[in-house]
1. Rank by packing, highest mean first: peptides 232-238, 12-18, with packing defined as the count of other Cβ atoms within 10 Å averaged across residues.
2. Using label points projected 7 Å from each Cα along Cα→Cβ, tell me how many nm separate Arg267 and Arg246, to one decimal.
3. Determine the alpha carbon to alpha carbon distance for each of Lys39/Lys201; Lys43/Lys201; Lys201/Lys285; Lys13/Lys201 and list only those over 26 Å.
4. Is the C-alpha gyration tensor of region 152-298 telling us rounded, prolate or oblate? Criteria: a/c under 1.5 is rounded; beyond that, a/b larger than b/c is prolate, otherwise oblate.
5. Expressed in whole Å with the largest first, what are the equivalent ellipsoid semi-axes of region 148-232 derived from the C-alpha gyration tensor as the square root of 5 times each eigenvalue?
6. If each of Thr73 and Asp14 carries a label point 7 Å out from its Cα toward its Cβ, how far apart are those two points in nm?
7. Would you mind getting me the FRET efficiency between Leu207 and Asn41? Use the beta-carbon distance for r and R0 = 30 Å, nearest 0.05.
8. Based on the mean of other beta carbon atoms within 10 Å per residue, what is the order of 26-32, 196-202, 94-100, 251-257, most packed first?
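What follows draws every value from the coordinates through simple rules; no lab data is involved. All of these numbers come straight from a predicted model, not from anything done at the bench. Cβ placement follows ideal geometry from the backbone for every residue including glycine, while neighbour counts extend to all protein chains displayed.
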Amino acid sequence: MEVLRRVLVYVAKDRSSPQKVPFLQSVVGLLDGADDELKLNFKLEQNHFILFKDSTNQKQRPPFCPIKHLSVTEAAAIPLDVRQRGVDVGVAILLQSSNQRILLTRRAKTLRIFPNVWVPPSCFSPDLFSFTGGHIEPDETSWSCSGSGGGLRELNEETGLRLDRDQVQTRVLGLWESVFPARLSRGLPQRHHIVLYVLLKTDRDHLTLQENLSPSFLEVSACLWAEPGLIRAVLSEEDYSPDSVRASEVAADGSLRTVSIPVSVFRASVPDHGPDVERISSGTKYALGLWLQDLSSPDPTSPDPWFHCDVSEQN
């Protein structure tokens, strides 16, 4: 079996040569020192995903970043092979239909990382040493990993949807720093990712796309076409009627059946302790907020993605 190379995160500061980001270093902290939200640019060179600040930075950081709050003792307790991993790159695809619906998928309960959590397709890879579940293939250009090549490949692998490059418009919405487990109270960090959220706009409506959905039950347990009103209600805690929405549950044979999901599920947050709960991941909520902004005031000429670090959850 061919061993594929990983694409790791590098940071370029003050016109210096790019440096690989250590596993135990917060990427946002490395770029900005203290704050948690900033504007930046990125490029892919020789399979290095290089991040660098631009001239119009805006920043914000919540106080609970696990990497940020690791004590010396806790850091030393992390196995050496984990500490030497570096920071990997993932791709998450927000597929927007012509009637402004976004495809969300619920991760299978059997997955090791973030089971039963709602995310966009290809949001996270359970195997950081392969490139089949959200990673960027080596030698893909930044454009292809932004949706014209790698993003479409990942979308097809996870959902069965086949879209040609000339059928979509792509735009990077933002980047997210992802750490697993979700909180220090849930265990020491085992995975560290930068997730690239890419918006893919297609000229097909969600009903047409739904007819061609064939997700893998090993990775996806349900699918939902979320409309802007639902997302606004989830993000703002506003009332939403009805109190449940229809989704498609994936059977072991790949067939889909209609189920109802309470809206309260999508408003849930990761608990500090105990079993995780069904919810939309916080990184996904961040990206959906950017999507709503894009709907209200799209600016396709803006090349600068937002980068946010709120590693209380994976993404």
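1. Top to bottom by mean Cβ count within 10 Å: 232-238, 12-18.
2. 2.3
3. Values: Lys39/Lys201 23 Å; Lys43/Lys201 22 Å; Lys201/Lys285 19 Å; Lys13/Lys201 33 Å.
Violating the 26 Å Cα-Cα cut-off are Lys13/Lys201.
4. Rounded.
5. On the way: eigenvalues 149, 52, 43 Å².
In descending order the semi-axes read 27, 16, 15 Å.
6. Each label point is offset 7 Å from its Cα along the Cβ direction, giving 3.4 nm.
7. Working: r = 37 Å, r/R0 = 1.24.
The computed FRET efficiency comes out at 0.20.
8. Numbers: 26-32: 21.3, 196-202: 24.1, 94-100: 19.1, 251-257: 10.3.
Going from most to least packed, we get 196-202, 26-32, 94-100, 251-257.
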